[in-house]
Amino acid sequence: MTTSRRLKHAIFHICAVSLGFLMIYPFLYMIFGSFKTQQDIVQNPTSLLPASWTLENFFNGWKGFGNTTFATFFLNSFMITILSVVGQVASSAVVAYGFARTRFKGRTVWFAIMVATMMMPSQVLIIPQYIMFNKFGWINTWLPLIVPGFFGMPFFIFLIYQFMQNIPQALDEAAFIDGCSKYSIFRRIVLPLIKPALVTSMIFAAYWKWGDFFSPMIYLTDIKKYTLSVALKMFTDPAAQSDWGASYAMATLSVLPVLILFFCFQKYLVEGISTSGLKG
């Protein structure tokens, strides 16, 4: 390797490491901030490492507020996320199967409309949805956060649909000759083959629902029903002194489930994304 090429490689790696560190710096600041004292956070806001290490923030943060510990908020987020993810992935797979394997009048038009809805911000729908859910009596319940997911998510439908396009139609025809119905073909043949796309959708759905702040803030008013994202916001009070150490500590704990989920299913995530846009 020539000297100029080595120099280019060195510059490239230095720039890559520098940009990588710049991107994860806020995450590192949050983690190290959870081990700082309140005085250290206020007096040395630009320092990354704590002047003195402490675990007190984790104990103070776990106590929560309003006679409600963070165990309740974690449980609420887990329940909402699990139910919502199951509904989103299952319903999206069924809809995608209908578009990919069923021929009906206007299929192309309906698919185009479905794809077009991905460009519509969710905030545009919040007012009509709130009015509708209020008439249903669903305000201050988990239903507005869970039930809409059981009607399919456009992004996941498109992702799974693209993955299904890679499955040969000959498998369906052979199964149909053997006496399988469309439901049996979906359950016994198609569903096992689209596992990477399902896991990819599951990871994205869990990540988005776990970190969702806007919807729980709109629909939930009872502290005991709050999710983690809303509970973390309650640590910062503009009218009083905020407990930043406890906020950092609980925020650090809140990202652990997402990180564990990502690293456990990273193989399927890469496979699902890399093959969903390929045909043939």
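Of the helices (runs of 4 or more DSSP H) entirely within segment 213-280, those holding at least 2 residues that are in contact with a helix residue (DSSP H, G or I) (Cβ under 7 Å, 6 or more places away or on another chain) and either at pLDDT below 80 or open to solvent by 50 Å² or more (accessible area, probe 1.4 Å) (or both) occupy 214-219, 244-264, 266-276. Which residues, counting only those in segment 1-12, are open to solvent by 100 Å² or more (accessible area, probe 1.4 Å) and either within 33 Å of the chain's Cα centre (by Cα) or of a type in the set (Val, Ile, Thr) (or both)? Result: THR3, PHE12. Residues that are in a loop (DSSP other than H, G, I, E, B) and either touching a residue at least 24 places away in the same chain (Cβ under 8 Å) or at positive phi (or both) within segment 135-193 comprise GLY137, TRP138, ILE139, ASN140, THR141, TRP142, GLY152, MET153, GLN165, ASN166, ILE167, GLY179, listed in sequence order.
With the structure loaded, tell me whether LYS209 is open to solvent by less than 70 Å² (accessible area, probe 1.4 Å) and not polar (S, T, N, Q) or whether it fails that test.
Against the criterion (open to solvent by less than 70 Å² (accessible area, probe 1.4 Å) and not polar (S, T, N, Q)), LYS209 qualifies.
Being over 23 Å from VAL94 (Cβ atoms) and open to solvent by less than 70 Å² (accessible area, probe 1.4 Å): is that true of ASN166 here? No: the conditions fail for ASN166.
To keep it simple, each residue is scored yes or no on (1) without any contact (Cβ under 8 Å) to a residue 60 or more places away in the chain; (2) under 30 Å from ILE160 (Cα atoms); (3) of a type outside the set (Val, Ile, Thr).
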position	(1), (2), (3)
ARG5	yes, no, yes
ALA16	yes, no, yes
ILE31	no, no, no
GLN39	yes, no, yes
GLN43	yes, no, yes
ALA51	yes, no, yes
PHE65	no, no, yes
LEU83	no, yes, yes
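I'd like the full set of residues that are of a type in the set (S, T, N, Q) and closer than 24 Å to THR81 by Cβ, limited to segment 106-133.
The answer is THR117, SER122, GLN123, GLN129.
How many of the residues making up segment 194-206 are open to solvent by 50 Å² or more (accessible area, probe 1.4 Å) and either touching a strand residue (DSSP E or B) at 6+ places or on another chain (Cβ under 7 Å) or not in a helix (DSSP H, G or I) (or both)? Talk me through it step by step, then tell me what you get.
Taking segment 194-206 first, the residues open to solvent by 50 Å² or more (accessible area, probe 1.4 Å) are 195, 202, 204.
Of the ones still in play, those that are also either touching a strand residue (DSSP E or B) at 6+ places or on another chain (Cβ under 7 Å) or not in a helix (DSSP H, G or I) (or both) are none.
Result for segment 194-206: 0.
Tallying residues that are open to solvent by less than 90 Å² (accessible area, probe 1.4 Å) and over 21 Å from the mean Cα position of the chain (by Cα) within segment 135-146 yields 4.
The values are calculated or read from the model by the stated rules, or taken from the named source; none is laboratory data. Just so we're clear, the structure is a prediction, and the values are computed from it rather than from any experiment. Here Cβ is always computed from backbone atoms with ideal geometry, including for glycine, and neighbour counts include all displayed protein chains. The protein model used for the area step is the full one, side chains on, heavy atoms only, and it has no ligands, DNA or RNA in it. Shrake-Rupley method; radii C 1.70, N 1.55, O 1.52, S 1.80 Å.
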